[in-house]
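Participant: This structure is in structure tokens; I'll ask about it shortly.
FYI, it's all coordinate maths here, none of it is from the lab. Remember, predicted model here, so these are calculated numbers, not experimental data. Reconstructed Cβ throughout: ideal geometry from the backbone, glycine too, with neighbour counts over all protein chains shown.
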Amino acid sequence: MQDYAKIAYFMANGGTAADVCKILNIEMPVFDEANALWLKRMTEDKTFMVSMKYAEYFGQAGQNNKFLNFKNGNDNSSDDKNKFLKRLENDEEFYYELMGAREAAYDFGLDGASWIEQNFGIGLGEFQNIAMKWMQKTDKINEMLAHKEAKYKEYYLKLSRENNEKVADDIEF
């Protein structure tokens, strides 16, 4: 299960099934079958024990992951990306800001995870890995949720302005 979580983390950060097959030296049908079996196993788990363990392993997948050393064409050495990633790891308010921004992008009709990656260089897997840390911290949750909501409104308005849309433009009288 740890290897499957590492594969999922790799793919969430831009790796492809073809990359996985190349790294593991397997054929695509073997990967497809293993992937289908794991998905089936997790969906059939009524106790959620498998899913919880998978989430734990996914949260640790960024550490010592042989897949991350594989060059899949993504430029992961950007100074801006590293700056944003470090800030996300250490700044709880920034984490909730990006949560709000991602939700605003989704509600605006964009792929929020892709929007975060395009604007901050942080892939979904990296974001979720860091999210595991912040989700365990609950001492200021109400304050952080209020901050997230304020940032949601700010980013939604920004997206609206960037796309020259106004609230209720879709309503005809």
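Participant: What does the extension gain come out to for residue 27 and residue 87, with contour length at 0.36 nm per residue minus their alpha carbon separation?
Facilitator: Extending this stretch completely gives an extra 17.7 nm.
Participant: Beta carbons within 10 angstrom, averaged per residue: use that to sort the peptides 100-110, 17-27, highest first.
Facilitator: Answer by packing, highest mean first, reads 100-110, 17-27.
Participant: Over the chain, what is the relative contact order in whole percent, taking alpha-carbon pairs under 8 Å and six or more residues apart?
Facilitator: 26 percent
Participant: Classify the stretch 79-162 from the C-alpha gyration tensor, please: rounded if a/c falls under 1.5, else prolate or oblate depending on whether a/b exceeds b/c.
Facilitator: In terms of gyration-tensor shape, oblate.
Participant: Could you work out the relative contact order of the stretch 79-162? I mean the mean sequence separation of Cα pairs under 8 Å and 6+ apart, divided by the number of residues, in percent.
Facilitator: Result for the stretch 79-162 is 42 percent.
Participant: A further question follows. Sort 95, 57 so that the residue with the fewest other Cβ atoms within 10 Å of its own Cβ comes first and the one with the most comes last.
Facilitator: Ranking 95, 57 by Cβ neighbours within 10 Å, fewest first, gives 57, 95.
Participant: Using the C-alpha gyration tensor of the stretch 2-69, what are the square roots of 5 times its eigenvalues, in whole angstrom, with the largest one first?
Facilitator: After diagonalising the Cα gyration tensor, the semi-axes are 21, 16, 8 Å.
Participant: With r as the distance between the Cβ atoms of residue 135 and residue 36 and R0 = 30 Å, compute the FRET efficiency 1/(1 + (r/R0)^6) and round to 0.05.
Facilitator: 0.55
Participant: Given R₀ = 35 Å, FRET efficiency for residue 3-residue 172 by Cβ-Cβ distance, to 0.05?
Facilitator: Efficiency at R0 = 35 Å is approximately 0.05.
Participant: Moving on. What is the magnitude of the charge dipole of the chain about its Cα centre, with +1 placed on the Cβ of each Lys and Arg, -1 on the Cβ of each Asp and Glu, and no other charges, expressed in debye to the nearest 20?
Facilitator: Dipole magnitude for the chain comes out near 600 debye.
Participant: Which whole-number percentage describes the relative contact order of the stretch 2-69, with Cα contacts under 8 Å and a sequence gap of 6 or more?
Facilitator: For the stretch 2-69, the relative contact order is 54 percent.
Participant: Distance check, please: which entries in 86/133; 40/133; 83/140; 6/53; 83/158; 83/133 exceed 20 angstrom between their Cα atoms?
Facilitator: Checking Cα-Cα distances, 40/133; 83/140; 83/158 exceed 20 Å.
Participant: Could you pull the Cα extents of the chain along its three principal axes, largest to smallest, in whole Å?
Facilitator: Extents along the principal axes: 56, 40, 39 Å.
Participant: Another question about this same structure. When the C-alpha atoms of the stretch 101-146 are aligned to their principal axes, what extent does each axis show, in angstrom, from largest down?
Facilitator: Ordered largest first, the stretch 101-146 gives principal extents of 31, 21, 12 Å.
Participant: Give the peptides 2-11, 130-139 in descending order of average Cβ contacts within 10 Å, highest first.
Facilitator: Those peptides, ordered most packed to least, come out 2-11, 130-139.
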